[in-house]
Structure formats: C-alpha cells, structure tokens
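Enquirer: Here you go, one structure.
The values are calculated or read from the model by the stated rules, or taken from the named source; none is laboratory data. Please read all numbers here as calculations on a predicted model, not as lab measurements. All Cβ positions, even for glycine, are placed from backbone atoms using ideal geometry, and neighbour counts span all protein chains on display. Side chains included, ligands, DNA and RNA excluded: accessible areas come from the protein's heavy atoms. Shrake-Rupley method; radii C 1.70, N 1.55, O 1.52, S 1.80 Å.
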Number of protein chains: 2
Amino acid sequence: MTSSNKLKIVPLGGLGEVGKNMTAIEYGRNVLIIDAGVMFPEQDMLGIDLVIPDWSTYLQDKKDWVRGIVVTHGHEDHIGALPYLLNDINVPVYTTRLSAGLIEVKLRKKGIAGKVNLNIVRAGERISIGGLFEVEFFHVCHSIPDAVGLAIRTPAGLVVHTGDFKFDYTPTWGDPPDFGALARYGSEGVLVLLADSTNADIPGFTLSEKTVDEGLDKAFREAQGRIIIATFASLISRVQQIINAAARHNRVVAIDGRSLEESVERAQELGYLDIPPGLLVDVRQLKGRPDRQIAIIVTGTQGEPSAALGRIADGRHRQLTIKPADTVIMSSRVIPGNEQLVGRAINKLFQQGAQVIYGKAGNVHVSGHASQEELKLLLNLVKPKYFIPVHGELRHLHAHAQLARSQGIPPENIFVVENGVVVEFSDEEAQVTDRVPGGWVFVDGSGVGDIGPQVLRDRELLSEDGFVLAIVRLNQKTGQLLHRPHIITRGFVYVKEKQDLIQRAEEEIMAALHLSGKDAKTTIRKTLSELLYSETQRQPMVLPVVIEE
Amino acid sequence: MTSSNKLKIVPLGGLGEVGKNMTAIEYGRNVLIIDAGVMFPEQDMLGIDLVIPDWSTYLQDKKDWVRGIVVTHGHEDHIGALPYLLNDINVPVYTTRLSAGLIEVKLRKKGIAGKVNLNIVRAGERISIGGLFEVEFFHVCHSIPDAVGLAIRTPAGLVVHTGDFKFDYTPTWGDPPDFGALARYGSEGVLVLLADSTNADIPGFTLSEKTVDEGLDKAFREAQGRIIIATFASLISRVQQIINAAARHNRVVAIDGRSLEESVERAQELGYLDIPPGLLVDVRQLKGRPDRQIAIIVTGTQGEPSAALGRIADGRHRQLTIKPADTVIMSSRVIPGNEQLVGRAINKLFQQGAQVIYGKAGNVHVSGHASQEELKLLLNLVKPKYFIPVHGELRHLHAHAQLARSQGIPPENIFVVENGVVVEFSDEEAQVTDRVPGGWVFVDGSGVGDIGPQVLRDRELLSEDGFVLAIVRLNQKTGQLLHRPHIITRGFVYVKEKQDLIQRAEEEIMAALHLSGKDAKTTIRKTLSELLYSETQRQPMVLPVVIEE
C-alpha cells in the first residue's frame, strides 16, 4: 500500500470549531467532501459579512480528485458555503430531500441552480460515489427534519460521521434516530468515528423537542392578547410545534421575515410542514381579528435591529406595534456574543408593555445536540477503533475525548485535532501526518478573501478613536509651507465643540515644520500624535498628506 | 406639607440596569446619594473607556442640597464613579472599612484623597446625615466583605435599600446576613423597599460561597502540575477561598495582575484577608519550586488579551508559559457579551496543553446575588408598603415585580421604573411625578461627556468598511482640475492588491468632474460611492476634499 493509498481525514471548516462546516475524506486519488457551511463573523471581524471554510490550500492540486459532496442537513452552517465551493469545484451533491430543497433556493439566488448536479437520497439508502466511497445515510434527530449521519465504507475501513444530532425518543418530526444502524456498524467494525461535540461539556441528556410543546402550550394558554414568537428560519420542527400549538389554541399564524417565509414555503412544498387549511394567513389579513386568535412567527432571535423582532422592539415595524396584552416568546438559543443585543431587545419589549417569555425558565427551547449521556451511548453502539471528536471548540473536543477515554477508547486512538490537520489511517495505525492552512476566508460585500489582517487592524483602530488627517502644502523646491494645514477628522472628537483643538493642531504643525529639518510626514505624524494624546488621552489614526506644489 | 416636603426616590445610574450604580433620595431641600459606580461600555459603544451615571440634570439646581454619599460595598460598579462625582459635588462619604480602603486607593490615584471627607461606619451603626436622614447600615452577604444594606429613616417613613446581596448561611467572610435587623424594620413599618433584582428571574436559592470550596478542593487535589486561577480583583472572598485551598494542599500562592495585587494588598492591610505566613510569594520566587506546590492567581477572567490570563493564553506572558500538566481554573462569571473572548482564551489554553476548569460543571463559582426564594424571604421579612425593584434590567425588574405581587404587594404599590424617573411618596400615596435624563455619560480618554451619537456613528461606519478620501485640486477661477486626484483609504480594501480599483476611481472622478456642472464635492462623493459599491458591494465612508489653488 503506497502512502497515497491510505485513508486521510481532514477537518476543514469552522471558526473556533473543528470540522463544523466542512470535512474532507481522501483515499488514493479520491476525495469526498462532507458539508460546506458558512460561519458567522465574530465580534472583532469588523465589517465582515460571512466566513467560509478555507479549502483552497488542501484541495489546490486535488480538484480533479473530488468525487462529490455529501450534506448532512439543511442548516446554514452546513450548506451556506455550497455556492462558493461549487463555483470553484463543480461536483455532484448528495443529500436528503428537505436539505436539497433548501440548497436549491440558495443556488437559484446565485443563478447556478441549472449548473449543479443535485441528487436526492433517503435515510437508509446506500450509494456509491466516484466508484470508491460507499456512503450509507442513516437517520438522526436534530432541530431540522431530514438530518442524516454518514457511514462511509472505504478500502481502509468504515468511517462513521454523526453530523449534528441528538438522541430524541420523541422527536417532533419523524422517527427516533436509527439506533439499529448504529449498532449494525458497531458489529461490522468501525475504523473511525467522527461525532458532534457541541454539548460534550454538558452532563446528562438533552431534553426532547417534545418538552417544548409543554412550554408553548402554557404560554399559548395564558396569553391574554397576541402571541409574537421569534425563532430561526431553519428550525422547521419548531415552526411545526408552533403551528400545532396555535391549532390547539384556536389562533391563526402569520409569518413575518423573509428568511422564515422562504424556508416555511419550501418546507411546506416538500411536505415537511403539516399546516391545517386556513391556519396560515398573511400579516395583512390579521386586521379585525381578535388578538387572542393571533400568533405571529417572526425573525430576529438574536436581537438583530434589522430583523422583524428588532424592528418591533424599537417601534420601527410598519405593521406591528406592541400592545400591553401581547406575549413575546423567544424560542431559540442565543448565539454566544449576542447576549447584549438579545437582552436589549427583551428589555425594550417589556418597556412597551409586552410579557416576554425567554430563557431556561420559559421552557420554550431545547438544544438540538447530544449531551454527555447520549455521547456515551453513541460510543457504546458504534464501538470505533479510532475516535475524532468534531463539531466543537477545542474545549468541547477535550471534554468529548475525556468521555471517550472513560468508555475505554485508548488515549492514543483519540485524535483531538484542529482544522487543516491531516489524520492518516492504515490497517495498522493512525497518525497525524500533515497540517495545511484549514482556517477560514472572509466574505465582505462581493469580495471573497481580499480582506486580511491589515485591513481588519485598520478597521479596529478606526473604530476605537477614529482618524485625523492633515493636508499640508509645501513649496516643491524650498519645502516652505504654502498654506495653513488643513485637518480632516472623523470618529475622534465632536469637531464643532473642539474647534480650538483643531486650530491648535494646525498651528503646532506649522511651528514644527518651521523648526524641524526632518521629513515633513514624520514631523507631522509625531507632532499630531503627541498633541492629540496629551490633550485627549486618545490615539486616533494619524495620517499626514504632503502635497508639493 | 408642600410638594418639596415629599420624599422622592430617583434611580440615576445603570446601563440597561436601573439604579444599579447610583440612586438619589430627596426630602425637602436635602439629597442623599447612594453609591456612585461605573459601568463597562457595551459592544456598540466603540472606543469608549468607561461609562458613568448622568447625575447632572437631576442635581444641577440641587448641588447645595446634597448632604452626603453612602456606599453599600467596594465593587467598581458602586464606587468607580466617586472621583468624578466628588469632583463635581464634594460632600462627605460614608461607608464600611474595606469599601473606604478601596475608595481611598481610587481617590489617591486621582490626587484628590486629601480633599475628600471619607467616614468609616460599621454594620449595625446608625448615623445622622445632614440632620435629616438617619441611616442605619445593616450587614448583608455579597461576594466582597463588608457589604451593607441601608435603612434610611426620613420624615416620610423608613426606606430600606438592600444593596447587592444574597442570603448566604455559610459565607466565606463574616456572619450570615442580619435577618434580625430586616425583621425589626418589618415590625417598625417600612414605607418602601428597594431591592437587588439581578437574579430575580432565576428560580430557587443562590448557592452559598461555601460550595465553591468543594470545587476548589477537587481541582487542587487532582491537579498534576501548577494551578493558574483567574478571578476578579474585587472578589476578595474568593481570593480568601483560594488561599485556604492552597494552604490545605501545600501550595504557595503568587499573584499576577496589577488590579489583583492592589486590592489584595489593601484587603490584607485592613485585615480582610487571612494569609498564613510564607504562603504568599512573588511570581519571581516561583522558580525552582515543584509545580505541584504552586498556585498563581491571575487577572483576565473576561478573556481580555491585555490581562495576565490573556497573555498566558496567547503565549505572550514573560514569566508564565503553559506546561502540559498545568490546570487553569476560571473562578468568576462571564459578563454577558464577553463569551466569545472567554471561549477563545479557554480554547487557546487547551491548545497549549492545559486542563481548564470552567463553567457550571467546574463548580468553582457562584453568584453573589439573591435568587427568587431569597427575594421572597426578603419581602416577607421587610413587609414594605411600596416596592421598587432595582439593580437589574427591565426584564429582571418585571420578574421581581411579579414575585412581589405573588407575595401580596398590591400591583399599584409596585413601581417598575427606569433611570431618571422620580417616584414621590407622601403619607397617603406614591406616584411617578417626573422624568429627568438619568442615563449615562461616556468617558473616553480624558474626555467626560464629549463623545456623543455623531462620533459613535462615525466610528461604527469606519469599523464596517473604513473610509476613502479623495483630494482634488482645482483652479480657483476656472474650476479646472489641476492634477490627477489623490486617493487615501484605510480599512476598505488591501490597497496593494487593489491598485487597479484605486486608479479607476481616480479616473472616474476626473471624467465626472469634466462632465458635471454640479458642485465638485457632490460630484466626487456620488461618483466614488457608486463605483466602489458596484465594484465591491461595500460602503466605505467617502470624503471629498477640494483644494482650490
């Protein structure tokens, strides 16, 4: 067996998280890609719109080897980067029906739906991809219907990848997970397991989606007026639960927010939402209906000021203004980093007189990821030889590795790795053999990958104390100052109130240029920086512009 | 009784939170101020260093009426604005010994310690302030020693203010709270209660500080190498617990981080820390000592890159580099909004091989604020006629109001108000009578209050897509372009890679100026904005500078 005929597994995408958004599996001259999702920029990625996995280095000489892309489920962080990836490497995509429907919406928007070979598979089905990889899709439960895990048979052995999952015995949509398949892989012999680590540091079992029904029922029963309920567009199962609660409590449901409308429409078309006739109405049809017969599902779970809930909280929504008897329900998790925005939105809703149901006590949301006891069960069903915890930050992977050790997997068979690390498997052994850049690429406007650390550093500096730019006109020959310097500043001080400081800065530049024999730019920068710091204790970006006439 | 002889209560400081950092009590021509703390800027307050309460409008005509300031405890959010307030209104300050010690450090740094009349009181003591307010300080438990609540006797009746508190039966420092005093006020008859709402939406009882001992003991027992433990400088009781754990497990303790060193030194001087001789050593004295005999307390609980823990995580700390057997303990809460930074620091510590103990499962931190069952007990002891929930965001105040209703306080006697709202009490009734600006003031560098919405908006724009500035030189008489335009940009694109775009922008400006009859600035702004958006889908701040020669 030559080196290139070993099995390689490479997590390739995730911001802090490992293998969350993309993973590559390589054997011989064949590459299979699992998922291609987007990440949302962190707080210090100023002005960045989206973040996508950096597959370019790993795949640069291997584009012809890529046989296909398999997608585990239809969430943004697993399908959002597909248009970018397919633009680069156009190979067949394989996924379940709802995921395919949501991918299609995305491809159509980018105008490439016609060019992509998008194949629908069913859980339980087994297909051959590129003549080498035999991929079996097995049913799992997650917060979106039609989620699957993958059992990938390779010449080196069987690879099992859970995708995002939890062990829900009473899911909102479909059956409990396919425990039988997992046990079957276990008896067949699994070379390596890659498993979701999102909640690997949380003890116990994740609550069933079913428990949310109780929280929703209580809220729907007690609400005195309208119900406004915020959830993610992609939480299709949650939308179904809300529709069921509304039906039980004689309320119609309207939807407000483009992403929600689109995904509900698509899910309904494909038969993944069961909506009684007449229950779903347009927001404009709510007029004249008693408040106690109204529920409105809105976008804006993260407090985003531009989403429907944000506009309602700010009093900027055209159709919807909070009335004192309204109940607002926050039925989703708060993404870390968004706590302040969400908290602010909740406070504003209270300020306008709404009752707001949120957080753990509200019992209106549960996680879609397995906790420690489920992960132990998984390890005991699948009994892998090697284990790679994925879908989590390093701290979660370490917690997951700890669980695996507690279940008897030898420490040397567990690989806690980062994105871009190549783990290589042969019959006899497994080892880390290489590390390629496997981080991420920034998307800002129409630019993909053109924003780097220098631009971000400038944005950070500008965001702290703004800039001060001084235009100085000098005689080309004598170097004499021709005019009074002209200062332009933004984000530093409120100029109208600081005319004296600006004037003083202009004068100090004149005096310094008169005295100094040094380069004019250096003199201006030094003079300005020192003056502005001593007067304000701030450090704006200082930009000297010298025009020689 | 004239209107001015009614009792007025005005919460004056808090960012989102109500009355958190400052409250005023007015009767006749007498004003008593409770606390004067700082707030930490929220994510969108770009470049702002500190936020202080806006007392100026409320007190502008009443500065002579202010009789004194009482301080409940020595945390930054209760004492941090004192130097600013005392600079404006120099009146006597009354507080307990540790709080006074911490205030003194602060005043000394600002060079005003000599000018301030700082008085030390003891829990249980009753003093007269300004001849009108009789203030009794009662002992409460919080995460810093020497915390007190206030029973303020006024001609209108008795006002009870809890300060920050929890009902801890086994506190680390001192006795359990003074339940006797609370019951005594209850029998005497309390006009109005102001109580801490921080955890009013959390069911049950807050765990005792004592339970942290178990978590620390486990961590200290199991640690194979050094222990590095991050906590707040102000959590003096936690520092004591760490010292106790180190003593039990034969480790010396070093402290790294200026704020920690200062507050430990001050607390030790004043007798609030009990440190066995030889236990506390300098970081430089750790060399040569076995790792299993070392514990280091560090600053940086919020993942701040400049604090000790941040530098350790980044590998930028001069003395401390993570070794594989090290255990890092995060013994403090994560302030909402800092989750990403803290998560990143934890991941980096794992990356360097440390074990990191954090979060609920770690059992190494508890809240210092009362939860729902404690708040119910408080209401039952104090039995106030009126109730004003304070120290919380609106959602917490609403949860607290709900609790008060459940304990039989009539809804019309509960005032959920915001900062700057004046609640007026007479013998017969209580009502909201006025609303003054009671928000906050930004401190940026040495500027207090000079940064307003315009500057912040500019900083936000600059942080998103940077700026593009075009300098155009025109003939003063003919308006003809004299030179090729000169473009300066930062934070927009990486200029080295976008020379063609910059050149094209210069050329389009030339063409547009040649054609357009309009004002040159308008033409430049429009041309640039349109070109840059169509080429990049970004919207940098566009600044035209026209020089007429």
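Enquirer: Could you give every pair whose Cβ atoms fall below 7 Å, whose first residue belongs to the range A:96-108 and is within 17 Å of A:Gly271 (Cβ to Cβ) and open to solvent by less than 10 Å² (accessible area, probe 1.4 Å), and whose second residue is modelled with pLDDT under 95 and assigned to a helix (DSSP H, G or I), counting only separations of at least 6 or pairs across chains?
Expert: A:Leu98/A:Ala267; A:Gly101/A:Arg266
Enquirer: In the range B:498-518, how many are outside any helix (DSSP H, G or I) and open to solvent by 90 Å² or more (accessible area, probe 1.4 Å)?
Expert: Result for the range B:498-518: 1.
Enquirer: Of the numbered conditions (1) within 26 Å of the chain's Cα centre (by Cα); (2) surrounded by fewer than 22 Cβ atoms within 10 Å (Cβ to Cβ), A:Gly114 satisfies every one except a single condition; which is it?
Expert: So A:Gly114 meets the others, but not (1).
Enquirer: Still on this model: Which of the residues that make up the range A:308-319 are modelled with pLDDT under 95 and either among the polar types (S, T, N, Q) or surrounded by 21 or more Cβ atoms within 10 Å (Cβ to Cβ) (or both)?
Expert: A:Gln319
Enquirer: Evaluate the range A:220-237: report whether one residue or more is in contact with a Phe, Trp or Tyr (Cβ under 8 Å, 6 or more places away or on another chain), more than 20 Å from A:Lys348 (Cα to Cα) and modelled with pLDDT under 95.
Expert: yes
Enquirer: Checking A:Gln372 against (1) surrounded by fewer than 19 Cβ atoms within 10 Å (Cβ to Cβ); (2) within 14 Å of chain B (Cβ to nearest Cβ); (3) within 30 Å of A:Gly189 (Cβ to Cβ), which test does it fail?
Expert: Among (1) surrounded by fewer than 19 Cβ atoms within 10 Å (Cβ to Cβ); (2) within 14 Å of chain B (Cβ to nearest Cβ); (3) within 30 Å of A:Gly189 (Cβ to Cβ), the lone unmet condition for A:Gln372 is (1).
Enquirer: Return the pair list, or none, for Cβ contacts closer than 8 Å from residues in the range B:187-208 that are without any contact (Cβ under 8 Å) to a residue 40 or more places away in the chain to residues that are surrounded by 15 or more Cβ atoms within 10 Å (Cβ to Cβ), at least 6 apart or on different chains.
Expert: B:Glu188/B:Leu158
Enquirer: Taking the stated definitions as given, is A:Leu474 open to solvent by less than 60 Å² (accessible area, probe 1.4 Å), more than 8 Å from chain B (Cβ to nearest Cβ) and modelled with pLDDT of 90 or more?
Expert: yes
Enquirer: OK, next. Among the numbered conditions (1) within 28 Å of the chain's Cα centre (by Cα); (2) at negative phi; (3) open to solvent by 50 Å² or more (accessible area, probe 1.4 Å), tell me where A:Gln355 comes up short.
Expert: Here A:Gln355 clears every test but (1).
Enquirer: Out of all the residues in the range B:436-449, which are part of a loop (DSSP other than H, G, I, E, B) and out of contact with any Phe, Trp or Tyr (no Cβ under 6 Å at 6 or more places or on another chain)?
Expert: B:Pro437, B:Gly438, B:Gly439, B:Gly445, B:Ser446, B:Gly449
Enquirer: Among the residues of the range A:395-425, what is the count of those that are free of Cβ contacts under 8 Å to residues at least 24 places away in the same chain and within 12 Å of chain B (Cβ to nearest Cβ)?
Expert: Of the residues in the range A:395-425, 3 are free of Cβ contacts under 8 Å to residues at least 24 places away in the same chain and within 12 Å of chain B (Cβ to nearest Cβ).
Enquirer: Further, regarding this structure: Across the range B:324-379, what is the total count of residues that are among the acidic types (Asp, Glu), touching a helix residue (DSSP H, G or I) at 6+ places or on another chain (Cβ under 9 Å) and at pLDDT 95 or above?
Expert: Summing the residues that are among the acidic types (Asp, Glu), touching a helix residue (DSSP H, G or I) at 6+ places or on another chain (Cβ under 9 Å) and at pLDDT 95 or above in the range B:324-379 gives 1.
Enquirer: With respect to A:Ala404, is the statement that it is farther than 30 Å from A:Ala308 by Cβ and crowded, with 22+ Cβ neighbours inside 10 Å true?
Expert: Spelling it out, A:Ala404 is indeed farther than 30 Å from A:Ala308 by Cβ and crowded, with 22+ Cβ neighbours inside 10 Å.
Enquirer: Still on this structure, I have one more. Among (1) within 14 Å of chain B (Cβ to nearest Cβ); (2) closer than 18 Å to A:Ile471 by Cβ; (3) within 46 Å of the chain's Cα centre (by Cα), there is one condition A:Ile547 misses while meeting the rest; what is its number?
Expert: Here A:Ile547 meets the rest and fails (3).
Enquirer: In the range B:29-64, how many are surrounded by fewer than 17 Cβ atoms within 10 Å (Cβ to Cβ) and away from chain A (no Cβ under 14 Å)?
Expert: Qualifying residue count for the region: 8.
Enquirer: Within the range B:455-466, take every residue that is open to solvent by less than 80 Å² (accessible area, probe 1.4 Å) and within 7 Å of chain A (Cβ to nearest Cβ) and give me the one that is nearest to A:Thr536 (Cα to Cα).
Expert: B:Val455
Enquirer: All but one of (1) touching a helix residue (DSSP H, G or I) at 6+ places or on another chain (Cβ under 9 Å); (2) within 14 Å of chain B (Cβ to nearest Cβ) hold for A:Leu309; state the number of the condition that does not hold.
Expert: Going through (1) touching a helix residue (DSSP H, G or I) at 6+ places or on another chain (Cβ under 9 Å); (2) within 14 Å of chain B (Cβ to nearest Cβ) one by one, A:Leu309 breaks only (2).
Enquirer: So, A:Glu17, is that one open to solvent by 10 Å² or more (accessible area, probe 1.4 Å), within 14 Å of chain B (Cβ to nearest Cβ), in contact with a helix residue (DSSP H, G or I) (Cβ under 7 Å, 6 or more places away or on another chain) and of a type outside the set (Gly, Ala, Ser) or not?
Expert: So A:Glu17 does not fit the description; no.
Enquirer: Now, a different point. Kindly indicate which of B:Gly449, B:Gly491, B:Gly445 is within 13 Å of chain A (Cβ to nearest Cβ) and at pLDDT 95 or above.
Expert: Going through B:Gly449, B:Gly491, B:Gly445 in turn, just one is within 13 Å of chain A (Cβ to nearest Cβ) and at pLDDT 95 or above: B:Gly491.
Enquirer: Another question, then. Criterion first (more than 14 Å from chain A (Cβ to nearest Cβ) and at pLDDT 95 or above) does B:Ala295 satisfy it?
Expert: yes
Enquirer: In addition: May I ask you to list the residues in the range B:78-91 that are under 15 Å from the mean Cα position of the chain (by Cα) and either modelled with pLDDT under 95 or open to solvent by 50 Å² or more (accessible area, probe 1.4 Å) (or both)?
Expert: none
Enquirer: How many residues does the range B:155-177 contain that are in contact (Cβ under 8 Å) with a residue 60 or more places away in the chain and surrounded by 24 or more Cβ atoms within 10 Å (Cβ to Cβ)?
Expert: 8
Enquirer: For the range B:414-434, indicate whether the set of residues that are small (Gly, Ala, Ser), closer than 24 Å to B:Pro336 by Cα and modelled with pLDDT under 95 is non-empty.
Expert: For the range B:414-434, residues small (Gly, Ala, Ser), closer than 24 Å to B:Pro336 by Cα and modelled with pLDDT under 95: absent.
Enquirer: If I ask for residues that are touching a helix residue (DSSP H, G or I) at 6+ places or on another chain (Cβ under 6 Å) and over 20 Å from A:Val356 (Cβ atoms), which ones from the range B:395-425 would you list?
Expert: B:Gln407
Enquirer: Also, I was wondering about something else. Hey, among B:Val441, B:Val436, B:Val472, B:Val455, which residue is in contact with a Leu (Cβ under 8 Å, 6 or more places away or on another chain) and hydrophobic (A, V, I, L, M, F, W, C)?
Expert: B:Val472
Enquirer: Can you name every residue in the range B:426-452 that is closer than 15 Å to B:Met22 by Cβ and touching a helix residue (DSSP H, G or I) at 6+ places or on another chain (Cβ under 6 Å)?
Expert: Matches in the range B:426-452: B:Val436, B:Pro437.
Enquirer: With respect to B:Ile329, is the statement that it is open to solvent by less than 20 Å² (accessible area, probe 1.4 Å), within 14 Å of another protein chain (Cβ to nearest Cβ) and over 30 Å from B:Glu104 (Cα atoms) true?
Expert: yes
Enquirer: Please go through the range B:132-163 and give me each residue that is of a type in the set (Asp, Glu) and assigned to a loop (DSSP other than H, G, I, E, B), ordered by number.
Expert: Scanning the range B:132-163 gives a single hit, B:Asp146.
Enquirer: Condition first: facing chain A (nearest Cβ under 9 Å), open to solvent by 30 Å² or more (accessible area, probe 1.4 Å) and more than 23 Å from the chain's Cα centre (by Cα). Now tell me which residues in the range B:339-352 satisfy that.
Expert: B:Lys348, B:Gln351
Enquirer: Could you check the range A:459-476 and list, in sequence order, the residues that are part of a strand (DSSP E or B) and touching a Lys or Arg at 6+ places or on another chain (Cβ under 7 Å)?
Expert: Correct list: A:Phe467 only.
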